[in-house]
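To start, the structure under review is shown below, and the notes come after it.
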Amino acid sequence: MPKPGPCNAITDVEGLLLGHCTMPEAACGVTAIICPEGAVAGVDVRGSAPGTRETDLTDPVNLVEKVQAVALCGGSVYGLAAADGVVRWLAARGWGFPLEQGRVAPIVPAAALFDLGRGRDYVPPTGPAWGEHACAAGAAGPVQMGNAGAGTGAVSGGIKGGFGSASLVMAGGLTVAAAVAVNSLGSVIDPASGLPWEARTEVDGEFAALGLRPVKLPAPPAPQAGQNTTIGVVATDAVLTKAQAKKVAQMAQDGLGRAIRPAHTMFDGDTIFCLATGKKPLPEVQGFFAAPQALALTELGAAAADCFARAVIKAVLAAESLGAMKAWRDLD
């Protein structure tokens with residue numbers, strides 16, 4: 001049977017650190033996923049209202065091979081400024097693309113979700129300091145979920161969204177994991193059963209009794225352009241090329257689409273990054289096709305999709321009510 005890693009979180013992937021900046025009064029925050037040694041990255045943007053930065057660098061035709069962090073930001077277009085703080089923090093430690101005179105250019109792709117108007121001020125006071133705060137909190141080990149980081153002010157299908165993470169150790173020894181801020185137009189709950197759409201993906205009892213308790217969904221919110229978006233990262237310790245990382249990110253979107261319905265709408269900017277830390281080789285199988293890693297990549301992408309679906313559910317289950325945003329745990 002599949003098993004999660006020791007923390008059942010993205011920090012189970014060797015070489016990754018995660019830190020949050022959580023501002024409850026602002027109903028906003030930032031999550032930084034840091035790769036001190038760099039990680040090969042890919043991205044897949046599937047929603048129609050995205051807010052992103054530095055995604056073009058992950059294209060396989062472009063020069064830079066590795067990124068040093070990914071920033072998941074609340075605050076919509078204002079929140080992307082937090083990535084500047086991540087860059088500063090990394091630069092101070094000499095982590096980045098090497099330049100002249102011993103300097104570096106940290107590569108930090110970022111994505112933002114819409115949580116404006118949910119805190120004390122309509123526009124939260126986000127900025128570079130929030131990104132630096134998230135990096136300073138970066139660590140391996142257990143990950144705070146629910147009202148944390150980029151998931152602080154998130155809403156999912158009319159109830160409180162949040163931040164979640166999950167991992168899986170595959171049969172061949174590779175680790176795959178996901179981290180997500182769920183702020184979706186669609187719902188994680190199947191209205192017919194009152195349970196998560198993807199409850200079947202549970203591993204090792206991670207959803208606990210809360211995830212097995214049927215709930216009654218509130219009335220769905222009216223769609224509003226650009227006011228949603230689920231953003232996240234899947235990661236692995238496998239050696240991947242940029243093209244392979246992009247493929248894994250594409251397959252991970254299937255997990256998003258299964259766990260949140262509807263997904264990839266005109267009102268969401270759903271974006272998933274993939275990070276590969278390159279600690280273990282991807283298995284090869286010789287055969288008819290001239291792509292001996294195709295089978296292993298397919299299995300890795302399928303596992304990433306399941307991890308992402310589990311992380312989505314865990315985000316909503318861990319969330320707590322905040323202001324007018326009612327959490328799953330407080331539904332009838």
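If Lys and Arg each add +1 and Asp and Glu each add -1, what is the summed charge of the other residues whose beta carbon sits under 10 Å from the beta carbon of residue 270? Before the final figure, lay out the partial values.
Values: positive: 46; negative: 44, 268.
Neighbourhood net charge equals -1.
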Among the range 292-332, those whose backbone N falls under 20 Å of a label point 7 Å along Cα→Cβ from residue 241 are 292-302
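Helix-only mean residue ellipticity at 222 nm, the chain, DSSP H runs n ≥ 4 weighted -39,500 (n - 2.57), per residue, nearest 500. What is it? Before the final figure, lay out the partial values.
Values: 6 runs with 71 residues, N = 332.
The helix-only estimate for the chain comes to -6500 deg cm²/dmol at 222 nm.
All other residues with a Cβ under 13 Å from the Cβ of residue 145 taken together, and with Lys, Arg as +1 and Asp, Glu as -1, what is their net charge? Show your work: numbers first, answer last.
On the way: positive: 160, 310, 314, 329; negative: 206, 320.
Residues close to residue 145 contribute a combined charge of +2.
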Mean Cβ-within-10 Å packing, highest first, puts peptides 267-279, 111-123 in the order 267-279, 111-123
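Hydropathy first: keep DSSP H helices in the chain averaging at least -1.0 on Kyte-Doolittle, then drop any whose Cα extent along the axis falls short of 27 Å, and list what survives.
Details: long enough: 294-318 (36 Å, 1.40).
Counting only whole DSSP H runs, the qualifying helices are 294-318.
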When the charge dipole of the chain is computed with +1 at the Cβ of Lys and Arg and -1 at the Cβ of Asp and Glu, the Cα pointing farthest to the positive end, of 94, 35, 143, is that of 143
Between (i) 21.4; (ii) 19.2; (iii) 23.0, the structure-derived Kirkwood radius over Cα pairs in Å is (ii)
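Quick check on packing: order 198-210, 163-175 by the mean number of other C-beta atoms within 10 Å, highest mean leading.
163-175, 198-210
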Note, residue 253: beta-carbon cut-off 13 Å, +1 each Lys/Arg, -1 each Asp/Glu, net -1
Percent relative contact order for the chain, counting Cα pairs under 8 Å at least six residues apart, stands at 25
Which residues qualify? For residue 153, with a placed amide H closer than 5 Å and at least 5 residues away or on another chain, they are 28, 29
Check: C-alpha center the range 126-198 vs C-alpha center the range 20-86, spacing in Å is 14
Diffing the range 45-53: the Karplus 3J(HN,Hα) column from phi (6.51, -1.76, 1.60, θ = phi - 60°), in whole Hz with x for Gly and Pro, holds 9, 10, x, 9, 9, x, x, 9, 8
Given 254-262, 306-314, 100-108, the highest-first ranking by average Cβ count within 10 Å works out to 306-314, 254-262, 100-108
Residues meeting the amide H criterion for residue 327 (H placed from the backbone, H to H distance under 5 Å, 5 or more places apart or on another chain) are 160, 321, 322
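None of the figures in this text is laboratory data; all of them are computed from the coordinates on show. Keep in mind it's a predicted model, so treat the numbers as computed, not measured. Here Cβ is always computed from backbone atoms with ideal geometry, including for glycine, and neighbour counts include all displayed protein chains.
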